[in-house]
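Readers should treat all values here as calculations from the given coordinates under stated rules, not as data from a laboratory. The model shown is predicted, which means the values in this text are computed figures rather than measured ones. For neighbour counting, all protein chains shown are included, and Cβ atoms are generated from backbone atoms with ideal geometry for every residue, glycine included.
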């Protein structure tokens with residue numbers, strides 16, 4: 001067994017040959033320790049980042065599943081209009097899927113009798129020729145948890161305006177929509193049912 005003397009440290013190492021005196025500067029050993037400590041810090045940071053990513057992913061998947069509760073067909077309370085709510089990317093959108101009276105009445109005085117009803121109040125003249133059936137009404141809703149969807153807009157074909165809107169469910173078969181301008185205090189709530 002050969003004994004190597006280093007500054008402030010002695011290391012015993014087995015050698016098959018006669019002992020050689022090796023001198024290792026103390027600063028080299030310190031830089032090696034510092035490198036190991038830096039590697040440990042990076043590993044800890046990576047483990048924490050991975051755990052955080054897993055929690056965020058799990059939470060978003062859990063919220064996404066609850067958000068899908070509004071998917072499907074909904075009716076107005078008087079059953080004269082049906083709406084289909086569907087996913088559009090990571091958001092929820094909706095369109096008119098049924099109208100009890102999809103065409104103008106025979107008594108229409110604008111020469112539109114029997115023709116499909118149009119989005120005639122739209123502020124954009126190019127969009128006034130769109131039929132109401134299939135017309136997108138809801139867009140940009142995101143699930144916020146606790147049966148609440150916010151951040152979207154609702155289009156009202158009766159006056160051609162877009163309103164901020166929030167949606168919430170009360171049970172599996174009832175949904176409330178609150179359209180408003182500015183503050184939700186000043187708005188109107190509708191109830192849709194399955």
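Couple of notes before you dig in:
- Segment 176-194, residues that are within 14 Å of residue 81 (Cβ to Cβ) and buried (at least 16 other Cβ atoms within 10 Å of the Cβ): 177, 192
- Where a residue in segment 85-109 is touching a residue at least 40 places away in the same chain (Cβ under 8 Å) and its partner, wherever it lies, is assigned to a loop (DSSP other than H, G, I, E, B), with Cβ under 7 Å and at least six apart: 85/71; 95/134; 95/135; 96/132; 96/133; 96/134; 96/135
- Some residue of segment 93-110 being touching a helix residue (DSSP H, G or I) at 6+ places or on another chain (Cβ under 6 Å) and closer than 14 Å to residue 70 by Cα: no
- Residues being surrounded by 17 or more Cβ atoms within 10 Å (Cβ to Cβ) and either out of contact with any strand residue (DSSP E or B) (no Cβ under 7 Å at 6 or more places or on another chain) or under 19 Å from residue 182 (Cα atoms) (or both) - total across segment 141-152: 3
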